[in-house]
Protein chains: 2
Amino acid sequence: MSTPIDDAAALFRAHVQKMLHYQEALALMYWDLRTGAPKRGVELRAEAIGTLSAELFKLETSRELEQYLNQLSEPSTYNQLDPITQKSVLEVKKQYDRNHKIPAERYQEFVVLTSQAESVWEDAKNSSNFELFKPYLEKIVAINQEFVDYWGYKEHKYDTLLDKYEPGMTVQQVDKIFSGLREETVKLVEAIVRSGQKPNVKPFLRAFDVAKQRQLSLALLERMGYDFSAGRLDETVHPFETTINRYDVRVTTKFLPDEMRSAIFSTIHEGGHALYEQGISPDLIGTPLADGASMGIHESQSRFWENMIGRSREFWEYNYKTVLDLFPMQFADVSVEDFYRGVNVVEPSLIRIEADEVTYNLHIMIRYEIEKGLIDGSLSVSDLPEIWRSKMQEYLGVAPENDADGVLQDVHWAGGDFGYFPTYALGNIYAAQFLNALKKDIPDYKEQVRRGNLRVIKNWLNQSIHRYGKTLMPAEIVRQVTGENIDSKYLIGYFREKFKPLYHLL
Amino acid sequence: MSTPIDDAAALFRAHVQKMLHYQEALALMYWDLRTGAPKRGVELRAEAIGTLSAELFKLETSRELEQYLNQLSEPSTYNQLDPITQKSVLEVKKQYDRNHKIPAERYQEFVVLTSQAESVWEDAKNSSNFELFKPYLEKIVAINQEFVDYWGYKEHKYDTLLDKYEPGMTVQQVDKIFSGLREETVKLVEAIVRSGQKPNVKPFLRAFDVAKQRQLSLALLERMGYDFSAGRLDETVHPFETTINRYDVRVTTKFLPDEMRSAIFSTIHEGGHALYEQGISPDLIGTPLADGASMGIHESQSRFWENMIGRSREFWEYNYKTVLDLFPMQFADVSVEDFYRGVNVVEPSLIRIEADEVTYNLHIMIRYEIEKGLIDGSLSVSDLPEIWRSKMQEYLGVAPENDADGVLQDVHWAGGDFGYFPTYALGNIYAAQFLNALKKDIPDYKEQVRRGNLRVIKNWLNQSIHRYGKTLMPAEIVRQVTGENIDSKYLIGYFREKFKPLYHLL
């Protein structure tokens, strides 16, 4: 016999599932647009996406949902719910409140503004003309500040934006986590530059048959434990992972005919995201918890595979033979040690998405400091080009000659996404903490990687992180896996341990 | 300034567009399932499809839509509408009435029944056990009869089912159209069998690289005028064409490694469907009229390209060189005349979907006669296996030894689709009538085909048929293009003209 509480919970779950079904349709529509939908159909497709997105938004903000949430949040009811339903209620309520606290017409203005801004940003970037983009960015900053006022905040307005992408994260914590990392990274990069050593990258810049590169990518995904009966690999300009449903987790990569590292590391990176999604407990299917814990935890999984595993010596001691089988001519004169060095070049550069694993976090810190300053009003948009140049010079020792290679390089701000950037660096920090925990649990993990036994790694990640989905907060996961709080010292240690010998530093 | 009529028409159009957007999402979800969606995700995908289909059905049967239709159908209003809106109102009203006249719970029972029946049919076919399927088919016939009672009919219950797929078509007309064709086809097939001639098909049964077959399919689509910037070619077990939107019209084909005719004619067939959809007037976008006029007219386009053009001597006089370029070894000893004969083998056989263009219509007539008899009660389901065998023997001179190769071969009845089969033969009949009209308009059309100038054909079809979409009834299109009523004498004439010389008959 069902109780009124069972009924309310069932209605709530059915409503959430309906939302997930719309999300599945939309995810597929976007995936299709990026993987080969015919160009002339894009305009009509955008209209269809618009309709379905609006329907989904109606479900997310509907009166029915509000009633279910109110009913199930009522303590005497809430306490009788099973733990998955409890967490689902909290998660959906959080989204619901976020959506509801902003007046609908202001949100609509934000959507229009950012859609215009993305188009203006493209022009501004192409002509390296920050002035063009400036008025839009000013409005976007102002509307973000306004939204934070609706949502509320405790210590720092920016906390509320951080929380969107990294639940529970605050400026106070990020400042602390980043500061040591910045200092040590700057020192390490300076030492590497001073060493004057340049690994030979010419072998990677030869001609590489795309079909064979595809074979290599498929082999690497297979070895990582990616489940091809619940996913597929396609090619796109910008690689990504997308979850259509729990058993349909797709990755894409990019094959360059004259540079073979791009596909390898894009594939491993997106494969890392995919293993996360493929590892979430089936118990969470049909709930809002069948998702990554946060952007940062998600990024930790992609970066862990890309850098900690995929750019390790042991990884190539096993996998280099496949490279040689596929490209015997191109690497005839290259030892596995040379190959390892060639996929681990550290060099200060202007563009974030092309940065190596060491300098990458410095690019993020610049953006984080700027975002924080814009939101708390201590920085003004018109100062950005100059601030950008001076911070690049200070942290990386290089500075852009134009704004296209500087403050205009990323689309995130045009899209209104403030609070997102820090999660990239947090992902690297978490990844190093997880690596340290892995070492303790599986002391011979390097030997396993050397033997190609990557399943050991995957299974450990499944057990320690993946299966929990969104039932834990990022900090809870870190604490549960490592017994410690979020701390960048492990990433610093990892950098030193890896790159000092690689660059023969003292 | 907008009038109340403008407002009502705008609301109606917006409602229809919303329906079309759901249809786009669903079409993509089905296309994806058939072209490479990961197997393990299918079950969750089916749930998402279920949700979106239910939402679409709500829109199709909503109170709002009823109000718009009532308002716009009111004569004084209707007469002030533009012609496209008028026809849209009629089209949507027809669907609306069809949906509304059946009690919702009976329709739901039908959906469940046919979904069970499809699964049972599969088992029954695999074990060649008609008794297993019989009780389901009996229920499906009964529910179809009941639905016709709800919908109403004038002369023959089956007319109402025909009208679903071929608007305006009746038993009286089909009986007349089919009877002469049956008689003449049986005679021609007998003469071909008696002639004892067998074209040499061995060259087609060699090994054919799939990548090269794909190249050939792409080249043929390109030459037909298929717009690849508004479509794409993929591979599936059962080839099909699907319209995602007006500028996204996709085709699939099937590559067999040891039989190269399959891909060629699947590609041309589906390409013919696609040219129709790509040729519909852009003025009809966003209306229910951006669709084929009927199943029969749609099939006329695929069969016209597949048989009248794709299996013509002139077509291969131009395109055979591409085959030779791709497969020089396989066809080293084959003249274009031998090739032409090899793609035009006529031979009575048991399975409809493998039948040649001459015997094909006899397969359809058997199904039509059975459907008609079941619906008017003059035949009973338990008699079908025997009726099937005797009609096969009478029309084709061959009879199946088991029901898997007989009455159980097609899925249509399990799916509840009565009235659909005749449209396949009507398509062939229309195609021959269109060919006759083309001859009058472009007397040297064969010479154009021989020169590879297929665009002339495509443009004629665009102008004569495609652009009208669903603004005309099938019989109106035939009359407008040919100046005559639907008549199978042109198909009979086409068969005689083509196959008498091919088989050296008197």
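The values are calculated or read from the model by the stated rules, or taken from the named source; none is laboratory data. Just so it is clear, the structure is predicted and the values come from calculations on it, not from any experiment. All Cβ positions, glycine included, derive from the backbone under ideal geometry; neighbour counts span all protein chains shown.
Results, tabulated for the structure shown:
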item	result
B:Q17 being closer than 21 Å to B:G469 by Cβ and away from chain A (no Cβ under 14 Å)	no
Out of B:S488, B:S464, sole residue that is out of contact with any Ser or Thr (no Cβ under 6 Å at 6 or more places or on another chain), more than 19 Å from B:N344 (Cβ to Cβ) and either modelled with pLDDT under 95 or surrounded by 21 or more Cβ atoms within 10 Å (Cβ to Cβ) (or both)	B:S488
Qualifying positions in region A:35-53 - at the interface with chain B (Cβ under 7 Å from one of its Cβ atoms), among the small types (G, A, S) and either in contact (Cβ under 8 Å) with a residue 60 or more places away in the chain or in a helix (DSSP H, G or I) (or both)	A:G36, A:G41, A:A48
Residue that is buried (at least 24 other Cβ atoms within 10 Å of the Cβ) and aromatic (F, W, Y), where the choices are A:Y430, A:Y420	A:Y430
Condition check for B:I102: touching a helix residue (DSSP H, G or I) at 6+ places or on another chain (Cβ under 6 Å), closer than 28 Å to A:Q17 by Cβ, more than 14 Å from chain A (Cβ to nearest Cβ) and of a type outside the set (D, E, K, R)	yes
Of residues in region A:219-246 being in contact (Cβ under 8 Å) with a residue 24 or more places away in the chain and acidic (D, E), the one nearest to the other protein chains (Cβ to nearest Cβ)	A:D227
Residue check, B:S195 in contact (Cβ under 8 Å) with a residue 24 or more places away in the chain, outside the structural domain of B:N319 (by TED's automatic domain parsing) and small (G, A, S)	yes
Pick from region A:1-18, criterion part of a helix (DSSP H, G or I) and without any contact (Cβ under 8 Å) to a residue 60 or more places away in the chain, ranking: surrounded by the fewest Cβ atoms within 10 Å (Cβ to Cβ)	A:P4
Some residue of region B:431-444 being without any contact (Cβ under 8 Å) to a residue 60 or more places away in the chain, within 30 Å of B:F110 (Cα to Cα) and within 20 Å of the chain's Cα centre (by Cα)	no
B:T185 vs. criteria buried (at least 18 other Cβ atoms within 10 Å of the Cβ) and either modelled with pLDDT under 95 or outside the structural domain of B:M329 (by TED's automatic domain parsing) (or both)	yes
Hits in region A:96-118 - residues which are of a type in the set (V, I, T) and either under 24 Å from the mean Cα position of the chain (by Cα) or part of a helix (DSSP H, G or I) (or both)	A:V111, A:V112, A:T114
Lone unmet requirement of (1) crowded, with 18+ Cβ neighbours inside 10 Å; (2) among the polar types (S, T, N, Q); (3) without any contact (Cβ under 8 Å) to a residue 12 or more places away in the chain for B:Q86	(1)
Qualifying residue in region B:55-76 (condition: modelled with pLDDT of 95 or more, under 30 Å from A:V249 (Cβ atoms), within 8 Å of chain A (Cβ to nearest Cβ) and surrounded by 13 or more Cβ atoms within 10 Å (Cβ to Cβ))	yes
Residue, nearest to the chain's Cα centre (by Cα), within region A:446-457, restricted to residues that are surrounded by 20 or more Cβ atoms within 10 Å (Cβ to Cβ) and part of a helix (DSSP H, G or I)	A:I457
Residue within region A:299-321 that is over 21 Å from A:L461 (Cα atoms), assigned to a loop (DSSP other than H, G, I, E, B) and not β-branched (V, I, T) present	no
Residue that is surrounded by the most Cβ atoms within 10 Å (Cβ to Cβ) [pool: residues in region B:248-295 that are more than 14 Å from chain A (Cβ to nearest Cβ), among the charged types (D, E, K, R) and closer than 29 Å to B:N344 by Cβ]	B:E270
Qualifying positions in region B:149-169 - farther than 20 Å from B:H412 by Cβ, in a loop (DSSP other than H, G, I, E, B) and over 23 Å from the mean Cα position of the chain (by Cα)	B:G152, B:Y153, B:K154, B:E155
Residues of region B:396-419 that turn out to be in a helix (DSSP H, G or I) and under 11 Å from B:A124 (Cα atoms), as a count	2
Residues of region B:358-377 that turn out to be closer than 16 Å to B:E146 by Cα and surrounded by fewer than 22 Cβ atoms within 10 Å (Cβ to Cβ), as a count	3
Test result for B:A25, within 12 Å of another protein chain (Cβ to nearest Cβ) and of a type outside the set (K, R)	yes
Residue, farthest from A:L472 (Cα to Cα), within region A:54-93, restricted to residues that are assigned to a helix (DSSP H, G or I) and of a type in the set (V, I, T)	A:T77
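Residue-by-condition table, conditions (1) over 21 Å from the mean Cα position of the chain (by Cα); (2) assigned by TED's automatic domain parsing to the domain that holds B:D258:
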residue	(1), (2)
B:L326	yes, yes
B:V345	yes, no
B:Y368	no, no
B:R389	yes, no
